[in-house]
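No value in this document is a laboratory result; all are computed from the given coordinates. For clarity, every value in this text was computed on a predicted model and none was experimentally measured. Note that each Cβ is placed from the backbone with ideal geometry, even for glycine, and that neighbours are counted across all protein chains shown.
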Amino acid sequence: MEILFLGHSAFLLKGTKNVLIDPFLTGNPSAAAGPGDLGDIDMVLVTHGHGDHLGDALDIAKEHDAVFVAMHEIANFASSKGVLRIEPMNIGGSITVDGVVITMTNATHSSDFEGGSAHPAGFVVAMDGHRVYHAGDTGVFCGMSLICELYHPEVAILPIGSRYTMDVGEAIKAVELLEPSIVIPMHYGTFPLIDSQDPKDLAKGVGTRADVRILAPGESTSL
Ligand code: NI
Ligand code: MN
């Protein structure tokens, strides 16, 4: 599997299927691609309703006839906006879409959108023998140890930008709880409000416990 960072919290997992997560591209000053530059997209996952996560998800799902995966209320909102293939879910649930197993995990955050509000989430995506946890927007929480125990994520993609999410210090604690082999920081530096954290400090703090891969927008890493 290849993990392509598109900026902010947007990632494209490229494997048997192409799985796009939180595609905030239009209006994202760090976006590495426009919504029309992504190639084939099989499914679009949205962690919560905030604009910097829902982003271009509806348009991309429609354009590619992709499966739209999100919290029940957000998936129904997508359906009301013309997305044809939706997979609504909720915390603790798992679904299999074209051989890709997607589990929705908790996140400690808030979430509203044009269509209402919905509990925020993260995802564990299992594809091609790899398991990737995208935490969404969240602070650190004790349940991350359960995510470790139940789903054994090999990769943890964690927000570190502070103010709206974890900072580097909390992310180091999250790595202790999640025990991933690889950590990829996200949700920092996109805007002045979240530019206080240095991902190199995450690498220093995590030390030998995991391989911290700091990706610039447009960069990818292979598993
Ligand atoms: Ni948010
Ligand atoms: Mn956010």
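Residues that are within 21 Å of V101 (Cβ to Cβ), in a helix (DSSP H, G or I) and not small (G, A, S) are absent from the range 189-205.
Within the range 29-59, take every residue that is assigned to a loop (DSSP other than H, G, I, E, B) and within 11 Å of ligand 2 (Cβ to nearest atom) and give me the one that is nearest to V183 (Cα to Cα). It would help to see each step written out before you state the result.
Residues of the range 29-59 that are assigned to a loop (DSSP other than H, G, I, E, B), as a first pass: 29-42, 46-50, 55-56.
With within 11 Å of ligand 2 (Cβ to nearest atom) added as a condition, the list becomes 47-50, 55.
Working: T47: 18, H48: 21, G49: 24, H50: 24, G55: 24 Å.
The selected residue is T47.
Here C148 fulfils each of the conditions (1) over 20 Å from V46 (Cα atoms); (2) away from ligand 2 (no atom under 16 Å from the Cβ); (3) part of a loop (DSSP other than H, G, I, E, B) apart from (3). Looking across the range 189-213 at every residue that is closer than 22 Å to M127 by Cα and not charged (D, E, K, R), the one that is surrounded by the fewest Cβ atoms within 10 Å (Cβ to Cβ) is identified as A210.
Any residue that is touching a residue at least 40 places away in the same chain (Cβ under 8 Å), within 16 Å of ligand 1 (Cβ to nearest atom) and among the charged types (D, E, K, R) - is there at least one of those in the range 79-101? No, every residue in the range 79-101 fails to be touching a residue at least 40 places away in the same chain (Cβ under 8 Å), within 16 Å of ligand 1 (Cβ to nearest atom) and among the charged types (D, E, K, R). Taking the criterion of being more than 16 Å from ligand 2 (Cβ to nearest atom), closer than 22 Å to P23 by Cβ and either in a helix (DSSP H, G or I) or small (G, A, S) (or both), the only residue of the range 151-188 that qualifies is A156. As a summary of the residue check, A32 satisfies the conditions (1) surrounded by 24 or more Cβ atoms within 10 Å (Cβ to Cβ); (2) of a type in the set (A, V, I, L, M, F, W, C); (3) out of contact with any helix residue (DSSP H, G or I) (no Cβ under 8 Å at 6 or more places or on another chain) except for the one numbered (1). Taking M71, is it among the aliphatic types (A, V, I, L, M) and away from ligand 2 (no atom under 16 Å from the Cβ)? No, not satisfied.
Could you pull out the residue among G161, G205, G189, G115 that is within 14 Å of ligand 1 (Cβ to nearest atom) and in contact with a helix residue (DSSP H, G or I) (Cβ under 9 Å, 6 or more places away or on another chain)?
The unique qualifying residue is G161.
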